[in-house]
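What follows is a set of notes on a single structure, which appears directly below.
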Amino acid sequence: MRRYAIIFAVALAAALMLAGCGPDVSDASESNAPSEATETGKASPKTMASSKPTAAESAQPEIAAPEVPAETHRIVDVSPESGFDVGSVMPDFSVPLAGGGTFSLSENLGKPVFINLFATWCGPCVGEMPEINRLYKEFGDQVHFLVIDVGEDEQTALDFAEQNGYSLPFAYSEDGMPFGKGYLVYSIPRTVVLDADGVISGYYEGMRDYDTFKAAIQAALAH
């Protein structure tokens, strides 16, 4: 019995010694806890090192950014009085057409009007143009389409249309205010859809897709 007692005591002592070499759980949790942010917002070197994503975290899919508001390019400050209110009558305006002639709203009522404001340097503007050209081919006999190059000259608009094979009617407004000072254009792309009486039935800031524009056109035709 005494022999077994000695063996047990030795084993117990060894176990206690081994336990003392392991990390203290409370100390480890305190050292790994994120430190409070400083006033400058900089993390400590330890925090920065521990913030590296794991393989599992890296494999997670990224959360898609919300579609609204869509991306736009700011070009001019907007006044408090400006705006395109759905349900209001669009004031008459005239813009020169690229290639000759003039588009006047009052002379083109009786059909819905699809107006898109863009510039050749604007990525979202250029990105949605193939969809607008597609809609023009589908609804061009029922709806007036007008694409206005804002802040650029006639030749720029003509070159853009020719290089991309667009059959859309292009206009241009070098001063960046195709609708007059009451309707300042402060971001592009921007699209206004009017019914046959010139009432604003759809208004969109930022890039939109084919289905959105098609639904707006169909709604204007139904008025």
note = Per the list (1) of a type outside the set (Val, Ile, Thr); (2) modelled with pLDDT under 95; (3) at positive phi, residue check on Lys181 breaks on (3)
ask   = Quick check: is even one residue across region 92-102 loosely packed, with under 13 Cβ neighbours inside 10 Å, more than 14 Å from Asp149 (Cα to Cα) and at pLDDT below 95?
value = no
request  = Mind counting the residues in region 182-199 that are within 16 Å of Leu109 (Cα to Cα) and either surrounded by fewer than 18 Cβ atoms within 10 Å (Cβ to Cβ) or touching a helix residue (DSSP H, G or I) at 6+ places or on another chain (Cβ under 8 Å) (or both)?
outcome  = 7
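Is one or more of the residues making up region 151-159 hydrophobic (A, V, I, L, M, F, W, C), at pLDDT 95 or above and over 21 Å from the mean Cα position of the chain (by Cα)?
If we filter region 151-159 for residues that are hydrophobic (A, V, I, L, M, F, W, C), which is where we start, we get 157-158.
Narrowing further to those that are at pLDDT 95 or above: 157-158.
If we keep only those that are over 21 Å from the mean Cα position of the chain (by Cα) too, we end up with 157-158.
Yes: region 151-159 contains one or more residues that are hydrophobic (A, V, I, L, M, F, W, C), at pLDDT 95 or above and over 21 Å from the mean Cα position of the chain (by Cα).
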ask   = Filter region 160-178 for residues that are over 17 Å from Ile132 (Cβ atoms) and not polar (S, T, N, Q); which is modelled with the highest pLDDT?
value = Glu174
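What number of residues in region 183-218 are among the small types (Gly, Ala, Ser) and under 13 Å from Cys122 (Cβ atoms)? Reasoning before the result, please.
To start, the set of residues in region 183-218 that are among the small types (Gly, Ala, Ser) comprises 187, 196, 198, 201-202, 206, 215-216.
When the remaining residues are screened for being under 13 Å from Cys122 (Cβ atoms), the result is 187, 206.
Going through region 183-218 one residue at a time, the tally reaches 2.
Collect the residues in region 140-151 that are crowded, with 19+ Cβ neighbours inside 10 Å and under 17 Å from Phe103 (Cβ atoms), keeping them in residue-number order. Steps first, answer last, please.
First, pick out the residues of region 140-151 that are crowded, with 19+ Cβ neighbours inside 10 Å: 143-151.
Answer for region 140-151, where residues must be crowded, with 19+ Cβ neighbours inside 10 Å and under 17 Å from Phe103 (Cβ atoms): Val143, His144, Phe145, Leu146, Val147, Ile148, Asp149, Val150.
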Count - residues of region 203-223 that are surrounded by 13 or more Cβ atoms within 10 Å (Cβ to Cβ) and assigned to a loop (DSSP other than H, G, I, E, B) = 3
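The values are calculated or read from the model by the stated rules, or taken from the named source; none is laboratory data. This structure is a prediction, so every number in the text was calculated from the model and none was measured. Cβ coordinates were reconstructed from backbone atoms using ideal geometry, including for glycine residues, and neighbour counts include every protein chain displayed.
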